[in-house]
Amino acid sequence: MNFRTLLADQVDGVGVITLNRPEALNALNSALIDDLKSVLDHFEYAASVGCILITGGSKAFAAGADVKEMAELCYPNTYLENYLGRLDQVAQRRKPIIAAVAGHALGGGFELALMCDFIIAADNARFGLPEVKLGVIPGAGGTQRLARLAGRAKAMEMTLTGRTMDAAEAERCGIVARVVPLEELHSVGLETARRIAAQSRTAVMMIKECIGRVDEGSLAEGLRFERRIFHSVFATPDQKEGMRAFVEKRPAQFR
Ligand code: CAA
């Protein structure tokens with residue numbers, strides 16, 4: 001399989017997806033989201049795949065949705081195209097998905113990791129939802145999933161300040177299942193996925209479905225709500241200023 005923005009491989013029953021836009025720290029642009037959907041469709045229906053591993057580079061898992069692509073979007077486009085809605089399909093998959101995260105997992109990149117069933121982090125991983133610094137809000141489930149995993153206080157503090165946390169703090173607050181040295185991330189991620197792929201496929205998928213039920217009902221409502229608010233932020237001057245300032249490499253001047 002050939003993709004522009006990621007590498008896809010199959011190893012012993014594991015579908016391995018490596019985000020591969022190093023020049024943009026794996027920022028999630030439309031092409032990457034399309035490629036991710038195609039490869040997940042493939043692995044979801046491949047009888048030989050029992051578990052999926054999503055990873056990035058050693059400097060970045062993904063540094064967010066692509067700000068350069070987003071900067072000039074307006075509310076009608078985001079609403080009509082359900083901007084970022086396609087990323088949600090990662091969370092809808094029936095086979096288990098592990099995120100193996102090294103380096104920056106920020107904004108949409110962190111939200112992508114949170115859509116996976118669990119995260120294994122390298123000791124250099126940094127997690128954050130810095131959208132507030134761009135004059136916008138998390139738009140791919142971050143407010144809902146972070147609050148459910150780490151609690152309301154941590155979610156409020158992280159999203160309102162935009163600060164990042166390291167892997168040890170993420171493990172302490174239940175965001176990350178395990179922290180491993182950077183050089184072991186790939187082998188531990190692969191070994192964990194292999195172990196899952198070797199179990200009963202039915203039992204594995206049923207367990208995933210049951211645990212998913214824990215917070216499904218009101219999560220769906222929260223996600224819809226968050227998406228609507230996220231789209232409407234593209235009607236504000238602060239979104240334009242925050243994102244233009246990023247592209248122009250200068251501090252934002254919010255009114
Ligand atoms: N979108 C587009 N391009 C990005 C990007 C992003 N999210 N993050 C990094 N890049 C690009 C940079 O613009 C730069 O490109 P150029 O070489 O063409 O200038 C390249 O990747 C390398 O980045 P830096 O030079 O900035 O690398 P650094 O090591 O100095 O800093 C960083 C790393 C702290 C992660 C910094 O890149 C950064 O702050 N990135 C933006 C993080 C962010 O705000 N993410 C949230 C996006 S909004 C979002 O995700 C909305 C949502 O809820 C879905």
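Every number here is computed from the coordinates shown, using simple stated rules; none is lab data. Since the structure is predicted, the reported quantities are computational estimates derived from the model, not experimental observations. Note that each Cβ is placed from the backbone with ideal geometry, even for glycine, and that neighbours are counted across all protein chains shown.
Here are the numbers for this structure:
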read-out: Cα-Cα P(r), segment 160-245, percent of pairs per 5 Å interval; value: 3, 10, 9, 13, 15, 16, 15, 11, 6, 3, 0
read-out: Diffusion constant of the chain at 37 °C, which comes from Stokes-Einstein with the Kirkwood Cα-pair radius and 0.692 mPa s, µm²/s; value: 179
read-out: Residues of segment 177-204 with amide N under 20 Å of the 7 Å Cα→Cβ point at residue 48; value: 190-202
read-out: Exposure proxy ranking, count of Cβ atoms within 10 Å, fewest first, for 45, 79; value: 45, 79
read-out: Virtual paramagnetic centre 7 Å along Cα→Cβ of residue 229, amide N under 11 Å, in segment 123-140; value: 137-139
read-out: Sequence of 127, 234, 3, 254 once ranked by neighbouring C-beta atoms within 10 Å, starting from the fewest; value: 254, 3, 234, 127
read-out: Residue among 162, 189, 120 farthest towards the positive dipole end of the chain, charges placed on Cβ; value: 162
read-out: Whole-number D in µm²/s for segment 1-75 (Stokes-Einstein; Kirkwood sum over Cα pairs; 4 °C, 1.567 mPa s); value: 100
read-out: Zone of residue 9's modelled label, taken as backbone nitrogen in segment 167-191 under 18 Å from a point 7 Å along Cα→Cβ; value: 182-191
read-out: Likely footprinting exposure, 53, 219, 6, fewest C-beta neighbours within 10 Å first; value: 219, 6, 53
read-out: Per-residue [θ]222 nm for the chain (sum of -39500 (n - 2.57) over DSSP H runs n ≥ 4, rounded to 500); value: -13000 deg cm²/dmol
read-out: All-pairs Cα distance distribution in segment 74-119, expressed in whole percent, bin size 10 Å; value: 25, 43, 25, 7
read-out: Estimated dipole of the chain in Debye, rounded to 20 [Cβ of Lys and Arg +1, of Asp and Glu -1, Cα centre]; value: 360
read-out: Where only alpha carbons of segment 201-247 are counted, the Rg and the Dmax (Å); value: 18.0, 50
